[in-house]
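Every number here is computed from the coordinates shown, using simple stated rules; none is lab data. Keep in mind that this is a model prediction, so the values were computed, not measured. As a convention, Cβ positions derive from the backbone with ideal geometry for all residues, glycine included, and neighbour counts pool all protein chains shown.
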C-alpha cells in the first residue's frame with residue numbers, strides 16, 4: 001500500500017474562505033464520494049475533537065472513528081482514523097489571488113492488518129482501491145472548490 005495519496009486544486013478565494021468550508025467537518029459527507037457522513041462529537045471542531053464517520057463504496061458500508069490531530073486555522077486540519085491508522089489532511093497554501101487546497105491521505109506506519117485484508121478481499125485490491133481514493137479526492141476537492149467560490153462570489 002502506498003504511504004501517501006494526494007490531490008490539489010486551486011480555488012479563487014482567500015485561505016480564510018477555504019478554511020470556513022473545510023473545517024466544517026460535519027459537511028464532509030456532502031463533498032466526499034466515500035465518506036458519506038462525519039458526525040462531530042463534543043461540540044466545536046478543534047484539536048482533539050473526535051468524529052464518528054460512515055463510509056460507503058458500492059454496496060459496502062462501514063463505520064470509522066477519528067480524532068483531529070492538527071488544527072491550524074486558515075492553514076490545515078488533519079485527523080487520524082482509529083481503525084486503520086491513516087491520517088487525512090486538508091492543507092491550504094495562499095497564492096496571490098487564489099488558494100491551493102491539498103487533500104492528503106497518509107499511512108506513515110502502514111495500515112492495520114484488518115484494513116489491508118478488507119481492501120484486498122472486498123474493495124478490489126490495493127492498486128484499484130488507491131486509484132479510486134485519488135479519484136475520490138479530486139471529486140471532493142472539486143465540490144469544495146465549488147462551495148467556497150460560490151460563497152466568495154455571494155459575499156463579493
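With a Förster radius of 30 Å, plug the Cβ-Cβ distance of residue 109 and residue 6 into 1/(1 + (r/R0)^6) and report the FRET value to the nearest 0.05.
The value I calculate is 0.95.
Starting from the Kirkwood radius over alpha-carbon pairs of region 1-90, derive D by Stokes-Einstein at 20 °C in a medium of 1.002 mPa s and give it in µm² s⁻¹.
155
To make sure I understand, if each residue's beta carbon is the centre and we count other beta carbons within 10 Å, what order do 54, 101, 59, 5 fall in, fewest to most?
The most exposed by this proxy come first: 59, 54, 5, 101.
Neighbouring Cβ atoms within 10 Å as the yardstick, rank 61, 134 fewest first.
By the 10 Å Cβ count, ascending: 61, 134.
Can you give the relative contact order of the chain as a percent, counting alpha carbon pairs under 8 Å and 6+ residues apart?
Answer for the chain is 30 percent.
Could you work out how far helix 125-155 tilts from the main Cα principal axis of the chain, as a 0 to 90 degree angle to the nearest 10?
20
Any idea how far apart residue 27 and residue 74 come out in nm if each label point goes 7 Å out from Cα toward Cβ?
Roughly 1.9 nm, to one decimal.
Taking the number of other C-beta atoms within 10 Å as the exposure measure, put 143, 46 in order starting with the fewest.
Fewest-to-most Cβ neighbours within 10 Å comes out as 46, 143.
What whole-number volume per residue, in cubic angstrom, does the convex hull of the C-alpha atoms of region 1-50 give?
133
Assuming a viscosity of 0.692 mPa s and a temperature of 37 °C, what translational diffusion coefficient in µm² per second does Stokes-Einstein assign to the chain, Rh being the Kirkwood radius over Cα pairs?
Using the Kirkwood radius from Cα pairs, D works out to 206 µm²/s.
Give the angle, between 0 and 90 degrees and rounded to the nearest 10, that separates the Cα long axis of helix 113-122 from the longest principal axis of the Cα atoms of the chain.
Orientation of helix 113-122: about 90 degrees from the principal axis.
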